[in-house]
Amino acid sequence: MIGKIFNTPWRYLIMNKNNTILEVKGLTVAFGGRTVVDNISYTLERGRTLGIVGESGSGKSVSSLALMGLLPKNATVGGSAKLSGQELLTLGDDAMRAIRGKRISMIFQEPMTSLNPVQKCGEQVLEMMHAHEGSDGSDKQAAKERVIKLFEEVLLPRPDKIFDSYPHEISGGQKQRVMIAMALVNNPDILIADEPTTALDVTVQKTILDLLRQLQEKHGTSIIFITHDLGVIAQVADDIMVMYRGKVVEQGPADQILRSPREPYTKGLLACRPPLDSHPRRLPTVEDYMAGSEGETEGSDSGADVTTVPASNNAGSDNNNCPTHSPLIAVRDLSVTYTMKRSLFGRPLQTLKGVDGITFDIMEGETLGLVGESGCGKSTLGRAMLRLIESSAGSVSYRGTPLDKLSAKQLRALRPKLQIIFQDPYSSLNPRITIGDAIGEPLAVHGRGDRSKVLELMEQVGLRAEWYSRYPHELSGGQRQRVCIARALILQPELVVCDESVSALDVSVQAQVLNLLNDLKEHYRYTYLFITHDLSVVHYMADRIMVMQKGKIVESGTADAIFNNPQTEYTSTLIDAIPRI
């Protein structure tokens, strides 16, 4: 505590004896009579970070959007929120616009949808600056230099080039840094960071967290950091507020909450993260703790939202089945090349190797983990294996049959054996098709239509039969991911490629889905290629791990060997970046 005070710029402590910049009392938000934020209160001090933690739908983001006047018209807001003594909730539109982006700024969760796709990155930051400072256009060069300097401060490479780049031309981590620059351009008193590291690589995530700490120490900014991951919160927060179904269930200093949580919900959030020092047969879930049955998770499924699939006879005490020694998939010297630029006559002038001469086997019944940073070629490799994209060299064989030699008709006949679960359940489901029809569609395509089979599988993956006629938008993120899992498994495949299938889920929902995948593997003898950037997840799920960097496999081995004795600096960097409590 004393160290935190001394790290806070002295001018803020001298100017404010109370040192409280934001005071929220009895904040309530309702939509159409349904209360989503229920009477929450907290204070935020200058130069400190308040972590707000909870699952999706707990009211974290809504409560912060209320402070900035960004809720839709049908929202009813009550209570009080005072910024340096000024009431925010009753301000008119003009008065709020003067505060929003100037005194309170926000980093939104998804930078790709928050940035304007048809406007250059630098212009968007300039727009935010000019909105509060005004501009007569006479000193454009000075304004541009100021933005480029800010880009340097948020550690963007080649800031002058990124200034003139469109959002789709830069990586996810770089887009997030642009969002941070936009939020900080007017040196706000409070920065609200809404899930700023969700679905980012662990290395990019660590860089973003370090960056926020450095900027806070330099400018004395107060931060509200919203996330579902207590591992992330442990790296940044001075104080923590835990929310559940719109209410505050626990709050206090970070050390107290993380070391001695009182409430079952907080204990569940802490426990459901995959451990790095053990291999429990099942991950505990928040529901286990809420039901008071957390002690049963090692050998039974007591989660309220997880359906147990009958275990096979050879299920061991570890989290995975013991694989056989028979290769199911053999990949030899596989390469995928993208043409970046062509001549006027179509001749390739510039190419990029997404996958560069990779060789490996996947044994029948095993889970092979594939890890690496975004852009290293993980998803490209998984899709090239299934011939969803064509390779430029090398071969992939399924039980000795070269897939690249098959005709379209022969490949279609083999498709039921090789399936994929895509990363984003929002975009991989047709919003106009009910979930029952979406799950049954592969059966219809292959002439095996059977509604009873769909209902049986829905029950196995934890979806209620009465949801058959629901549409994707009527389900939560975790439920939509279960639909995608059921659709991939309806044809009883032998190989399932899980492409970042849990990366954007709450840690509690993630634990449920990982338990489900292991249950199904034990019962049906599935073989998984598990693609992820989350090393704690792949350590829990995988028998073997391959580490991928710039299109090549740089290291491979058993999960424990990779974690306990990494052979490359790159792997060590990935492991060191895992957020720990």
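The values are calculated or read from the model by the stated rules, or taken from the named source; none is laboratory data. Predicted model, so just to flag it, every value in this text is computed and none were measured. Note: ideal-geometry Cβ built from the backbone for every residue, glycine included; neighbour counts use all protein chains shown. Just the protein is used for accessible areas: all its heavy atoms, side chains included, with ligands, DNA and RNA removed. Shrake-Rupley method; radii C 1.70, N 1.55, O 1.52, S 1.80 Å.
Quick rundown of the values:
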| read-out | value |
| --- | --- |
| Fraction of accessible area attributable to carbon and sulfur, the chain (%, probe 1.4 Å) | 48 percent |
| Accessible area in the full protein assembly, largest first, 1.4 Å probe, for 67, 276 | 276, 67 |
| Magnitude of the charge dipole, the chain, Cβ model with Lys/Arg +1 and Asp/Glu -1, debye to 20 | 1280 debye |
| Charge-dipole axis of segment 115-267 as Lys and Arg at +1 and Asp and Glu at -1 on Cβ define it, positive-most pick from 246, 122, 221 | 246 |
| For the chain: relative contact order, % (alpha-carbon pairs under 8 angstrom, 6 or more apart) | 14 percent |
| Peptide ranges 392-402, 361-371 listed from the most packed, as the mean C-beta count within 10 angstrom indicates | 361-371, 392-402 |
| Pairwise centroid distance, computed over Cα atoms, of segment 521-581 with segment 404-457, Å | 28 Å |
| Residue 113 accessible area, 1.4 Å probe, all protein chains in place, Å² to nearest 10 | 110 Å² |
| Given charges at beta-carbon only (K, R positive; D, E negative), |dipole| of segment 423-478 in Debye | 80 debye |
| Gyration tensor (alpha-carbon) shape descriptor, segment 143-190, a/c threshold 1.5 | oblate |
| For q = 0.07, 0.08, 0.09 Å⁻¹, Debye-computed log10 I/I(0) when each Cα of the chain counts as one equal scatterer | -0.46, -0.61, -0.77 |
| Accessible surface of residue 31 - all protein chains present, 1.4 Å probe, nearest 10 Å² | 60 Å² |
| Solvent-accessible heavy-atom area per residue, rounded to whole Å², over the chain at 1.4 Å | 44 Å² |
| Three-way shape call for segment 472-550 based on the alpha-carbon gyration tensor, with the a/c threshold at 1.5 | oblate |
| Shape category assigned to segment 49-127 from the gyration tensor of Cα positions, a/c cut at 1.5 | oblate |
| Highest to lowest packing among 263-270, 383-390, scored as the average C-beta count within 10 Å | 263-270, 383-390 |
| Amide H partners (placed H, <5 Å) of residue 36, local residues excluded | 29, 30, 31 |
